[in-house]
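The structure that follows is given in the form of structure tokens.
The values are calculated or read from the model by the stated rules, or taken from the named source; none is laboratory data. Fair warning: this is a prediction, and the values are worked out from it, not measured in the lab. Positions of Cβ are backbone-derived with ideal geometry, glycine not excepted, and every protein chain shown enters the neighbour counts.
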Amino acid sequence: MTPDKRKGDFFLISVDLDDTTAFQRSETVEHECKVAIYDLLERNYFAPVQSDGGPYRLRLGVEDNRLLFDIATKDNNPHGRLLLSLSPFQKLLKDYFLICQSYWKAMQAGSSAHIEAIDMGRRGLHDDGSRLLQERLEGKIDVDWETSRRLFTLICVLHINE
């Protein structure tokens, strides 16, 4: 990865999901997770407030119904932990999963117009989740739009089958 020089060392070099409580996910979901992590590591901006810089390693998980951001330096030295309430995300995640189910069913049926309409709704909900994540991280961790989108995808993966 070649980080944007204006952003210095404020970027992620690894992302792991702490999904020890997760159910086995489908191949499609595993693929989406791998793509999101790959894209995230290719280009991201991740700046914990009052940090001198990274690069960082991130472990995302769920702990006591809260979203866990466990941050370490590139040498695996602990850098900090952030726990965010999942309550503000609950309805959005439920709606997102429902529309994703409709999308996958429409894909099997093959109706192009129907697929496109559902996909627009799915992307809209994903954008809403990304904005909510940026709001919840405000004053704690600064992330750009694309980083927020990819992180929201991973939050969704953590909640599959719950």
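Mind listing just one residue for me: the one in the range 82-126 that is under 16 Å from the mean Cα position of the chain (by Cα) and among the charged types (D, E, K, R) and, of those, nearest to residue 18 (Cα to Cα)?
The selected residue is 94.
Got a number for residues in the range 145-162 being within 12 Å of the chain's Cα centre (by Cα) and surrounded by fewer than 16 Cβ atoms within 10 Å (Cβ to Cβ)? Spell out how you get there, then give the answer.
To start, the set of residues in the range 145-162 that are within 12 Å of the chain's Cα centre (by Cα) comprises 145-159.
Filter once more, keeping what is surrounded by fewer than 16 Cβ atoms within 10 Å (Cβ to Cβ): 145-146.
Number satisfying all stated conditions: 2.
Now a separate question. Of all the residues that make up the range 71-115, how many are modelled with pLDDT of 85 or more and either among the basic types (Lys, Arg) or touching a Cys at 6+ places or on another chain (Cβ under 8 Å) (or both)? Spell out the reasoning first.
Narrowing the range 71-115 to residues modelled with pLDDT of 85 or more: 71-95.
From what's left, either among the basic types (Lys, Arg) or touching a Cys at 6+ places or on another chain (Cβ under 8 Å) (or both): 74, 81, 91, 93-94.
Residues meeting the conditions: 5.
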